[in-house]
Ligand code: AMP
């Protein structure tokens, strides 16, 4: 496994492989790897000749009062895990490499428009501008055939998919299902922040979403009723959770579904347990077997 921190070295290494017509799968991450990241790496390994993992805690996607400084990091453990998963290249750039003139010196940014200002964007001003910009840079540096993203960060996947389409990147997007703890809590690097009491209540996010999904599959199509179900479940079973939002939106446009859900919906939420902010979502999909 190569560990590379400079763009020129990354380009030189990958250029040769590209010339040999080897497909490159790319998994962007902020490190502190868990089984969710591993699922992305395995999906990439399955489909590509070469897998590149980037590990970079991108400062431009953190707000001034967010957890940039205390975001968990463990490069040694990440490298060991990447090696054991058969990753070919770990790209771990410095801030100087990614933002040579600092954040204030970066003039051109990628603005995902309304996709970046709704849902998470309402609570994390500028977050998706930072995400889109860093992913844009990384895609230019790596030049992958396919990029692997987690459904866990559904809005991020929508923003990046749309950026790739609108800016005509030559890369396929693969969205990998959310990996969960046995009790349903979506794996997240931020779960380590939770106190034992908060950790005990956190699976309610998953239970509330899946409860509503089950009701949807039993015939409840009202967007309002499904959102209400989730909110009631959280209020009842997770008193420590402060809800930022629960929303039922279109899975591509992220616009709120008014009235009844038709074929698809994305039911998503964000909640804070103390200072720890967790997000989760489920995709609702009507099948011909669902009750009507
Ligand atoms: P992060 O390191 O948090 O930026 O995440 C890197 C990638 O892993 C993103 O595409 C995430 O959506 C994805 N990811 C994070 N948690 C999970 C999870 N529990 N299941 C699947 N993918 C995940």
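The values are calculated or read from the model by the stated rules, or taken from the named source; none is laboratory data. Here the structure is a predicted model, which is why all the values come from computation and not from measurement. Every residue, glycine among them, receives a Cβ derived from its backbone with ideal geometry; neighbour counts consider all protein chains shown.
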Seminar exercise, completed: Residue set 248, 255; condition modelled with pLDDT of 95 or more and in contact with a helix residue (DSSP H, G or I) (Cβ under 6 Å, 6 or more places away or on another chain); output residue 248
Exercise. Restricting the search to segment 213-245, which residues are in contact (Cβ under 8 Å) with a residue 24 or more places away in the chain, farther than 17 Å from residue 263 by Cβ and in contact with a helix residue (DSSP H, G or I) (Cβ under 9 Å, 6 or more places away or on another chain)?
Worked result: 227, 230, 233, 234, 237, 238, 239, 240, 241, 243, 244, 245
Exercise. Out of the residues in segment 182-191 that are more than 8 Å from the ligand (Cβ to nearest atom) and more than 9 Å from residue 276 (Cβ to Cβ), which is surrounded by the fewest Cβ atoms within 10 Å (Cβ to Cβ)?
Worked result: 182
Problem set entry | Top-ranked residue of segment 39-53 - restricted to ones that are in a helix (DSSP H, G or I) and more than 14 Å from the ligand (Cβ to nearest atom), ranked as surrounded by the fewest Cβ atoms within 10 Å (Cβ to Cβ) | 46
Exercise. Restricting the search to segment 126-137, which residues are touching a helix residue (DSSP H, G or I) at 6+ places or on another chain (Cβ under 6 Å) and within 11 Å of the ligand (Cβ to nearest atom)?
Worked result: 131, 135
For this session: Answer yes if at least one residue in segment 29-38 is out of contact with any helix residue (DSSP H, G or I) (no Cβ under 9 Å at 6 or more places or on another chain), assigned to a helix (DSSP H, G or I) and modelled with pLDDT of 95 or more, and no otherwise.
Result: yes
Seminar exercise, completed: residue 105 meets each of (1) over 17 Å from the mean Cα position of the chain (by Cα); (2) in contact (Cβ under 8 Å) with a residue 12 or more places away in the chain with one exception, condition (2)
Problem set entry | Residue list for segment 138-181, filter: more than 9 Å from the ligand (Cβ to nearest atom), part of a helix (DSSP H, G or I) and out of contact with any helix residue (DSSP H, G or I) (no Cβ under 7 Å at 6 or more places or on another chain) | 138, 139, 140, 161, 164, 165, 166
For this session: Go through the residues of segment 86-96 one by one and say whether even a single one is in a helix (DSSP H, G or I) and either touching a helix residue (DSSP H, G or I) at 6+ places or on another chain (Cβ under 6 Å) or free of Cβ contacts under 8 Å to residues at least 60 places away in the same chain (or both).
Result: yes
Exercise. List, please: which pairs have Cβ atoms under 6 Å, are six or more places apart or on different chains, and start with a residue in segment 5-24 that is surrounded by 15 or more Cβ atoms within 10 Å (Cβ to Cβ) and end with one that is modelled with pLDDT under 95?
Worked result: none
Problem set entry | residue 112 surrounded by 15 or more Cβ atoms within 10 Å (Cβ to Cβ), within 16 Å of the ligand (Cβ to nearest atom), under 20 Å from residue 176 (Cβ atoms) and in contact (Cβ under 8 Å) with a residue 12 or more places away in the chain | no
For this session: Quick one: which residue in 70, 22, 17 is farther than 24 Å from residue 153 by Cβ and in a loop (DSSP other than H, G, I, E, B)?
Result: 22
For this session: Show the residue pairs that are 6+ apart or on different chains and have beta-carbon atoms under 7 Å apart, the first residue being within segment 167-180 and over 16 Å from residue 27 (Cα atoms) and modelled with pLDDT of 95 or more, the second being part of a strand (DSSP E or B) and near the ligand (Cβ under 10 Å from one of its atoms).
Result: 180/186
Problem set entry | Lone unmet requirement of (1) surrounded by fewer than 21 Cβ atoms within 10 Å (Cβ to Cβ); (2) over 18 Å from residue 138 (Cβ atoms) for residue 56 | (2)
Problem set entry | The one condition in (1) in contact (Cβ under 8 Å) with a residue 40 or more places away in the chain; (2) surrounded by fewer than 16 Cβ atoms within 10 Å (Cβ to Cβ); (3) within 16 Å of the ligand (Cβ to nearest atom) that residue 81 fails to fulfil | (2)
